[in-house]
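The structure appears below as structure tokens.
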Amino acid sequence: QVQLVESGGGLVQAGGSLRLSCAASRSTFAIGAMGWHRQAPGKQRELVAVITIGGSTTYADSVKGRFTISRDVAKNTIYLQMNTLKPEDTAVYYCYIRGVLPSPAMAWGQGTQVTVSS
């Protein structure tokens, strides 16, 4: 089974920064993309950012200009640099990987808490 190891969550004041990391163990399927979703209390899980194996990126409108997703292909690791954090960024952040489309193969991390105080 594929495992995702997440780190970097924590508590920070508004305007601060955090950097999340997610490392995937060697997968039994070819990785097509890796990214982050988040779920705030009482809200639906939403996509934050995703990066494909080719390097293209997609961001939620709410984080554009503040968050940057990057990758280290050799290490099967992605990073989410979060700057100018806002209280509304408070959520559990989940790392995920998926196979090359149209493969349904997918795996999720356990989640890491990000809390931004006002």
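Worth a mention:
- Normalised contact order of the chain, rounded percent, pairs of Cα under 8 Å and 6 or more residues apart: 36 percent
- Protection proxy ranking, peptides 60-67, 41-48, 93-100, 73-80, average beta carbon neighbours within 10 Å, highest first: 93-100, 73-80, 60-67, 41-48
- Per residue, the chain exposes 53 Å² of solvent-accessible protein surface, assessed with a 1.4 angstrom probe and all protein chains in place.
- Distance in nm between pseudo-label sites at residue 56 and residue 105 (7 Å out along the Cβ direction from Cα): 2.1 nm
- Surface composition of the chain: carbon and sulfur atoms hold 51% of the protein heavy-atom accessible area at a 1.4 Å probe.
- Between the range 1-50 and the range 76-114, the Cα center-to-center distance that results, in Å: 2 Å
- The peptide list 30-36, 112-118, 11-17, put in order of mean Cβ contacts within 10 Å with the highest first, becomes 30-36, 112-118, 11-17.
The values are calculated or read from the model by the stated rules, or taken from the named source; none is laboratory data. Remember, it's a predicted structure, so these values are computed and weren't measured experimentally. Note: ideal-geometry Cβ built from the backbone for every residue, glycine included; neighbour counts use all protein chains shown. Surface accessibility is based on the protein's heavy atoms, side chains included, excluding ligands, DNA and RNA. Shrake-Rupley method; radii C 1.70, N 1.55, O 1.52, S 1.80 Å.
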